[in-house]
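Step one of this worksheet: look at the structure below.
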Amino acid sequence: MSQKSPILTSVTKSLPFTWYFNENHFKKELNKIWSDEWIYACHENSIKEPLSFITLKIAQFDIIILRDRNGVICSYLNTCNHRGSTLCKESQGKLKTPLLSCPYHQWSYNTSDGKLIKTSSFVTPKDFDKSKLSLTKVKFKIWNGLIFINLSKKNTPWNLKSRFQDYDSIISEIEFEKFELGHQWSKIINCNWKIFWENYSECLHCPNIHPELSDLVPIYSRRLMDIKEDPDWKEKIKNDNPKFSGGLRKGSETWSLDGSAQGRIIQKLKGKNDFSGHIYITNWPSMFLAIFADHVRVVRILPINNERTEVSAEWLFEKETNNDKKYDKKNVIDFAIKVMSQDGEACELNQKGLYNPGINSGVLMPEEYEVKRFQDWVRSKVK
Ligand code: FES
Ligand SMILES: [Fe+2]
């Protein structure tokens, strides 16, 4: 961020309210955003064992990501080529055999290449060509242990710096691939996916919606995300009260119930004087990474339909932390679930009010510069 305060200097109109529920608009976003961008699926260690899988639903898209018997990651559309049944019913699990067998009439596919291996018919017609009935592959990319899929038919380049809008060199330094999965959580929120991102992008709501978090990160109680939002920040930063200088409340190390990191600091963060206790790195439309002193939280956002969104989180820990019996993971997990649930309620409140006839859009206030950046991005994608 530059030296200049990023706050908006004039009133800006927010997106039309119909964009948050209109079916046709949602189809446009599916086409121009969700089928175009790289979408986060999971951390490699969420499918750690050979034959383990997850399924991913992005509106009507249904995708399987699995490891074959040799541990190689593969991805397919979760639809059988016989008469279109879903192949994997569960959202995650482990296959019993190296074949992906359809639960309807038991056609079986090779997990490694998607080839149809066998059908269940007595007789195979002469013109039946198995080779044309392989599972449909889905493009994917693994970066630093994080798996992304892409539904576009065109070649979508992977560019780390433009992928993460708030690129910070720390994300290339931290070896996420070595982290272990400590916990997973997921929740359906009754709101359009953009409502989630808009709420994520401002702290005007912090003191009311997140009293505990505003206590842990005192600057949030001033409704600011960053010290530089305050036009007088150069003066205020000299004050070592974190309410003005930013960072966590004195004596706290991480986002946890008691603020303690229980003596576990991520190796790469040790001795980093400029680490203020949290780094948030955004990747529209489907994920953000939150790096804390002792753990990383990856949050994934997927639209179920125009008015429902699935929010999932993976808590990643260094191996030693994950295996440390004295380290209580609940300290960070329960705190984050509290904050994410509070946000979920706020998002539902926002969504409910959008349908009132006669009000077409809202306005963005100075602190909502990140909301504007997000809305401008959406506008540029769907135009
Ligand atoms: S639909 Fe899959 S085997 Fe029939
Ligand atoms: Fe929030």
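Values in this text are rule-based calculations from the coordinates and carry no lab data. Treat the numbers as computed from the prediction; the structure is a model and nothing was measured. Don't worry about glycine lacking a Cβ; one is built from the backbone with ideal geometry, like all the others, and counts go over all protein chains shown.
Which whole-number percent is the relative contact order of region 1-65 (Cα, under 8 Å, 6+ apart)?
16 percent
Peptides 360-373, 91-104, 56-69 ranked from most to least packed by the mean count of surrounding Cβ atoms within 10 Å: 56-69, 360-373, 91-104.
The value of relative contact order for region 39-157, using C-alpha pairs under 8 Å at least six residues apart, is 25 percent. Taken over region 1-63, the ratio of Cα radius of gyration to 2.2 N^0.38 Å equals 1.76.
Isolated cysteines of the chain, defined as having no other cysteine beta carbon under 4.7 Å away, are Cys42, Cys74, Cys88.
Restricted to Cα atoms, region 39-157 shows a radius of gyration and a Dmax of 14.4, 47 angstrom. Using only Cα atoms, find the angle between the long axis of helix 330-352 and the longest principal axis of the chain, and express it within 0 to 90 degrees, rounded to the nearest 10. Approximately 90 degrees, to the nearest ten. Using the average count of surrounding beta-carbon atoms within 10 Å as a protection proxy, the listed peptides 197-206, 223-232 rank, highest first, as 197-206, 223-232. Rounded to the nearest 500, the helix-only mean residue ellipticity at 222 nm of the chain stands at -5500 deg cm²/dmol, with each DSSP H run of n ≥ 4 adding -39,500 (n - 2.57). Shape analysis of region 205-343 places it in the oblate category; the axes a ≥ b ≥ c from the Cα gyration tensor give an a/c of at least 1.5, with a/b not above b/c. In a DSSP loop and with at most 16 other Cβ atoms within 10 Å, the trypsin sites (Lys or Arg not before Pro) in region 122-181 are Lys126, Lys153, Lys154.
Across the chain, the relative contact order, built from alpha-carbon pairs under 8 Å that are at least six residues apart, equals 23 percent. Dipole size of region 35-144 about its Cα centre, with +1 on Lys/Arg Cβ and -1 on Asp/Glu Cβ: approximately 320 debye, rounded to the nearest 20.
Dipole check for the chain: with +1 at the C-beta of Lys and Arg, -1 at the C-beta of Asp and Glu, and the Cα centre as origin, the magnitude is about 1300 Debye. With a cut-off of 9 Å between beta carbons, the residues surrounding Glu49 carry a summed charge of +3, where Lys and Arg count +1 and Asp and Glu -1. Could you please state, rounded to a whole Å, how far the C-alpha centre of region 55-121 is from the C-alpha centre of region 181-237? The distance from the Cα centre of region 55-121 to that of region 181-237 comes to 40 Å. Comparing the chain with the 2.2 N^0.38 Å rule of thumb, its C-alpha radius of gyration ratio is 1.08 (two decimals). Considering the options Phe244, Ile219, Thr86, tell which one lies farthest towards the positive end of the dipole of the chain, charges being +1 on Lys and Arg and -1 on Asp and Glu at the Cβ, about the Cα centre. So the residue furthest toward the plus end is Thr86. In degrees between 0 and 90, to the nearest 10, how far off the longest principal axis of the chain does helix 369-382 point, with axes built from Cα atoms? Around 30 degrees separate the two axes.
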